[in-house]
Amino acid sequence: MSAAADPAPHIPVLIRPLIDAVSPVFGVWLDGTFGAGGYTRALLAAGADQVIAVDRDPLAFEMAADWAAEYGDRIRMVEGTFSRLDEYGTDLDGVVLDLGVSSMQLDLAERGFSFMREGPLDMRMSQSGPSAADLINTATEAELADIIYLYGEERASRRIARAIVASRPLTTTLELATVVASCLPRQKPGQSHPATRTFQALRIAVNNEYGELAEGLMAAERALKPGGQLAVVTFHSVEDRMVKRFLQARSGNVPNANRYAPATEQITPAFRIEKRKAIGPDAQELSENPRSRSAKLRVAIRTDAPAEPIDPASLGMPMMKGGR
């Protein structure tokens with residue numbers, strides 16, 4: 001069976017509506033979150049001439065070695081961060097970013113992303129730099145509380161931070177999950193694990209995910225040619241808010257707070273948004289993949305206006321005190 005016909009290791013979230021939204025697919029695309037290669041394969045199958053596959057996790061390219069070569073030069077792999085995607089390609093016909101955690105990372109206990117598997121507190125997507133263990137064992141109680149509250153939207157952040165500091169040093173995922181669970185009500189059937197928000201917050205902090213997103217959106221604006229398409233899949237409210245506000249600001253559709261507020265300065269739109277509302281999973285996808293329930297897809301089309309920087313704070317990006 002050819003690579004083009006060979007099914008991907010997993011079905012990427014919202015792939016059917018994404019391909020529908022950006023069709024016809026042609027030219028050169030950049031997949032800024034390559035992962036297991038699902039979006040890259042789907043774009044190539046839909047008609048892309050080439051996909052520049054970017055990931056900061058070297059494991060992504062090791063896992064792709066068995067099948068990627070069959071596509072020849074239709075795939076160009078780049079180990080790097082999507083915040084610098086305009087260094088890897090320009091005049092692009094499309095950019096896709098899937099901001100969910102890769103299943104290959106969650107499934108490997110030694111990567112430390114999952115509170116369901118015993119492993120070291122790592123969480124580094126690039127497998128380099130300070131780990132989650134470094135963070136939780138050196139940060140102050142106030143810093144941990146801010147991280148857990150701002151990045152995880154966890155209301156019990158102060159209680160959890162206090163318990164973490166009292167239990168240090170912590171070195172494994174299950175140690176941390178146990179400490180967090182001790183601070184919260186017992187999990188009821190159908191509810192997410194008590195440590196979900198805390199693990200999310202630490203992962204975001206370790207990998208600077210919100211900073212990467214803000215820079216990546218601006219890099220996509222610089223890299224896309226007029227008529228090129230930006231497609232972003234988010235999985236929680238902060239990410240979606242940042243993408244929505246970026247596209248509103250760069251399409252000239254920032255609403256005023258009220259009718260008495262000063263008129264917002266008009267800009268030459270750098271993007272055109274054809275669907276104002278985010279696209280979510282349909283009933284079929286929800287039944288096939290419950291993980292998709294929180295996913296949202298937003299798509300915008302690049303105009304010929306010059307690219308401009310934007311203040312990340314204006315996107316609703318949570319801002320930590322002290323620069324952490």
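Derivation of every value follows stated rules applied to the coordinates shown; laboratory data play no part. Worth saying up front: this structure is predicted, and the values here are computed from it rather than measured. Heads up, the Cβs are rebuilt from the backbone with ideal geometry, glycines too, and the neighbour counts pull from every protein chain shown.
Key figures
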quantity	calculated
Paramagnetic reach from R159 (point 7 Å along Cα→Cβ, amide N under 19 Å) across the stretch 174-192	176-189, 191-192
Most to least packed among 35-41, 168-174 [average Cβ atoms within 10 Å]	35-41, 168-174
Mean Cβ neighbour count within 10 Å, used as a protection proxy, ranking 43-53, 90-100, 273-283 highest first	90-100, 43-53, 273-283
Kirkwood Rh in Å, taken over all unlike Cα pairs in the chain	20.7 Å
Length-normalised contact order of the stretch 113-207 in % [C-alpha pairs under 8 Å, at least 6 apart]	39 percent
Under-19-angstrom lysine pairs by C-alpha in the chain, whenever the two are 8 or more apart or on separate chains	5
Backbone N within the stretch 138-155 under 13 Å of label point (7 Å from R186 Cα along the Cβ vector)	none
Unit charges on C-beta of K, R, D, E only; dipole of the chain, Debye	1460 debye
Amide N of the stretch 14-37 lying under 17 Å from the label point, which is placed 7 angstrom from the Cα of Q284 along Cα→Cβ	14-23
Average Cα contact separation per residue, the chain, under 8 Å, 6 or more apart, as relative contact order %	18 percent
